[in-house]
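**Student:** Provided herewith is a single structure, encoded as structure tokens, for subsequent inquiry.
The values are calculated or read from the model by the stated rules, or taken from the named source; none is laboratory data. What you see is a predicted model, and the numbers here were worked out from it, not measured in a lab. In this analysis, Cβ positions are derived from the backbone assuming ideal geometry, glycine residues included, and neighbour counts consider all displayed protein chains.
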Amino acid sequence: MNIRLFKPSVGEKELNKIKEAFDREWLGLGPLVSEFEEKWSNYIGCEMSIGVNSATAALHLALKAFHFEKGKKVLVPAITFTSTANVVLYNDLVPVFVDVDPATTVMNLNDLKNKIDADCVAVIPVHNGGFPVPMDDLMEIAQQNDLKVIEDCAHCAGGSYKGKKLGTWGHIGCFSFEEKKCMTTGDGGMICSNDVNLIEPLKPYRWVGIDKDTWKRVQIAEGTQENEAMHWHYEISVLGYKYNMNDVMAAIGLVQLEKLDQMNERRRKTITRYIDGIKEIPEISLYLPYTNNGNEAYWFFAIRIEDRDNLIIYLKSQGIATGVHFYPLTMQPLYEKYDINCNVANTIWKEFLTLPSHADLIEEEIDYVIDHLKTFYRNK
Ligand SMILES: Cc1ncc(COP(=O)(O)O)c(C=O)c1O
């Protein structure tokens, strides 16, 4: 066996949709991006979505939307992928690391309250592994302290909290469609909001600052009089980035979106099978309190164990890939100087181990992993 940790679940349907872009001979930012943005907005229930080439780009621009004064502070969890904090630095702002809840791995709201000061302007909650930050409580804290909220939904496309889709609780939600995530466009991301006035101005920022994308200009050209020569005209008023999604990515995304609920359901079933299979191994506890109510979007399944390195080596020898999500940012050289009392994060990560849980994993493979976990602990 050779079981991958993550794998995109893609096939004929995605290929056929890509062919549509090829047949149109339009591969860049075009009509399929617009279609995907609209369908994504309908799916999560928001007013506007803007397709970009990663969640990193989405988070970068989301923070930009507020025009915060240089040097202001943004609260981020200590356990997350580096992009969550990188985008704070990209915007000339200062990250304030919030410790995590030991049981759930997401931002600890008591520590959040403790760390807020007059310079804090925003908070980026991360639904780590797909576990929702209690957004009702977080929004209340944010409101009381005049903080803008950008949800980092890189791990939870399709997931809900209290019946409302994640990514629609905060002022802006950012999603990742990188190849390993709940759904993919190869690489890709989405900026979403109910506040159109807030995010619409981000459109030129994803297109090197140009106020009309090329597809729009072609349409204008087709709709103008023969003697009209100015259809090429565009304006650059902001310093933008080359962050746009393109039609090949959107083609994949449109098909993946149709499969998303089903892929999330498959991951929930996999997790339920894992939990049932390992419940009699006392050395193993769960990474977070997984549930299966039909509305969760868990990106990965992980466990906590003491003897992690030996288990990693053993599983590797049996063809089973594993990972660690995440080594706290507060322990990375770039970010150590921002570490103020993130003792829980700096301790609990040592026990984290992520197991294969992608949507195409079959029961035989899950049972193979469970059997090897049993063998490892039986022979210890
Ligand atoms: C929490 C979190 N935020 C942001 C990102 C960045 O996503 P992308 O690779 O789409 O830029 C990731 C990627 O894994 C992530 O885990």
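Rundown of residues vs (1) of a type outside the set (A, V, I, L, M, F, W, C); (2) assigned to a strand (DSSP E or B); (3) out of contact with any Cys (no Cβ under 8 Å at 6 or more places or on another chain), yes/no style:
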site	(1), (2), (3)
Gly129	yes, no, yes
Asp136	yes, no, yes
Glu140	yes, no, yes
Ala157	no, no, no
Gly170	yes, no, yes
Gly173	yes, yes, no
Glu178	yes, no, yes
Lys181	yes, no, yes
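**Student:** Restricting attention to segment 330-347, does a residue exist that is closer than 23 Å to Thr184 by Cβ and hydrophobic (A, V, I, L, M, F, W, C)?
**Tutor:** no
**Student:** Considering each of Thr80, Thr105 in turn, give the residue that is in contact with a Leu (Cβ under 6 Å, 6 or more places away or on another chain) and buried (at least 24 other Cβ atoms within 10 Å of the Cβ).
**Tutor:** Thr105
**Student:** Inside segment 8-36, can you point out the residues that are closer than 19 Å to Lys212 by Cβ and either assigned to a loop (DSSP other than H, G, I, E, B) or among the polar types (S, T, N, Q) (or both)?
**Tutor:** Within segment 8-36, Trp26, Leu27, Gly28, Leu29, Gly30, Ser34 qualify.
**Student:** Among residues belonging to segment 109-127 that are in a loop (DSSP other than H, G, I, E, B) and over 23 Å from Cys182 (Cα atoms), point out the one that is farthest from the ligand (Cβ to nearest atom).
**Tutor:** By that ranking, first place goes to Ala118.
**Student:** Could you tell me whether Asn292 is over 30 Å from Val74 (Cα atoms), free of Cβ contacts under 8 Å to residues at least 40 places away in the same chain, away from the ligand (no atom under 16 Å from the Cβ) and surrounded by 13 or more Cβ atoms within 10 Å (Cβ to Cβ)?
**Tutor:** yes
**Student:** Let me ask another. Have a look at Val238, Val218 and point out the one that is free of Cβ contacts under 8 Å to residues at least 40 places away in the same chain, assigned to a loop (DSSP other than H, G, I, E, B) and either more than 14 Å from the ligand (Cβ to nearest atom) or crowded, with 21+ Cβ neighbours inside 10 Å (or both).
**Tutor:** Val238
One line per residue, one yes/no per condition, for (1) within 30 Å of Phe352 (Cβ to Cβ); (2) out of contact with any Lys or Arg (no Cβ under 6 Å at 6 or more places or on another chain); (3) outside the structural domain of Lys19 (by TED's automatic domain parsing):
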| position | (1), (2), (3) |
| --- | --- |
| Tyr234 | no, no, no |
| Ser237 | no, yes, no |
| Gly240 | no, yes, no |
| Asn244 | no, no, no |
| Arg268 | yes, yes, yes |
| Tyr274 | yes, yes, yes |
| Ile281 | yes, yes, yes |
| Ser285 | yes, no, yes |
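**Student:** Okay, next question. Look at segment 241-276 and say how many of its residues are outside any helix (DSSP H, G or I) and surrounded by 20 or more Cβ atoms within 10 Å (Cβ to Cβ).
**Tutor:** Selection size over segment 241-276: 4.
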